[in-house]
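Where a number appears in this text, it was derived from the coordinates with a stated rule and is not lab data. Model, not experiment: these values are computed from the prediction. A quick note on method: Cβ atoms are made from the backbone with ideal geometry, for glycine too, and the neighbour counts reach across all protein chains shown.
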């Protein structure tokens with residue numbers, strides 16, 4: 001429950017969410033972030049780009065944590081579904097093209113896979129599936 005309540009009370013998450021919403025209003029600009037996105041601190045970038053990517057990471061890492069908690073049954077699927085279904089589905093839909101570009105650019109096929117599966121499961125009305133391939137959970 002604390003993980004979900006952070007959506008309403010965590011100052012950093014609220015600020016990141018506000019920036020995230022502004023970013024998702026321009027799909028082309030959002031996808032272009034992949035060209036300049038820093039990955040594991042491997043290059044210097046414009047502070048605005050870094051702030052934008054940090055907002056996306058913070059929001060999506062929060063959803064990833066919720067998705068993993070649901071898979072391990074520490075967070076209830078039905079509670080998340082009632083509380084944040086539309087937000088999760090919309091967030092994934094808005095940012096998926098950027099994530100696909102980042103996966104390709106950095107050869108990271110599992111990047112934000114948990115949020116992708118969570119959005120799909122909420123859209124299709126069933127629990128996220130888990131698969132183990134090459135030592136990774138999918």
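Note on residue 51 and residue 76: the model spin-label points, each 7 Å out from Cα along the C-beta direction, lie 3.9 nm apart.
By other beta-carbon atoms within 10 Å, ranking 72, 100, 60 with the fewest at the front produces 72, 100, 60. Counting every other Cβ atom within 10 Å of each residue's Cβ, 14, 115, 56, 75 order from fewest to most as 14, 75, 56, 115. FRET efficiency for the pair residue 19 and residue 105, taken as 1/(1 + (r/R0)^6) with r the Cβ-Cβ distance and R0 = 25 Å, rounds to 0.70. Computing FRET efficiency as 1/(1 + (r/R0)^6) for residue 85 and residue 61, where r is the C-beta to C-beta distance and R0 is 25 Å, gives about 0.85. Given R0 = 41 Å, the distance between the Cβ atoms of residue 126 and residue 44 translates into a calculated FRET efficiency of 0.40. Over the C-alpha atoms of the range 71-113, the Rg to Rh ratio, Rh being the Kirkwood estimate, stands at 1.10. With 0.36 nm allotted per residue and the present C-alpha distance subtracted, the residue 11-residue 35 stretch has 5.8 nm of extension available.
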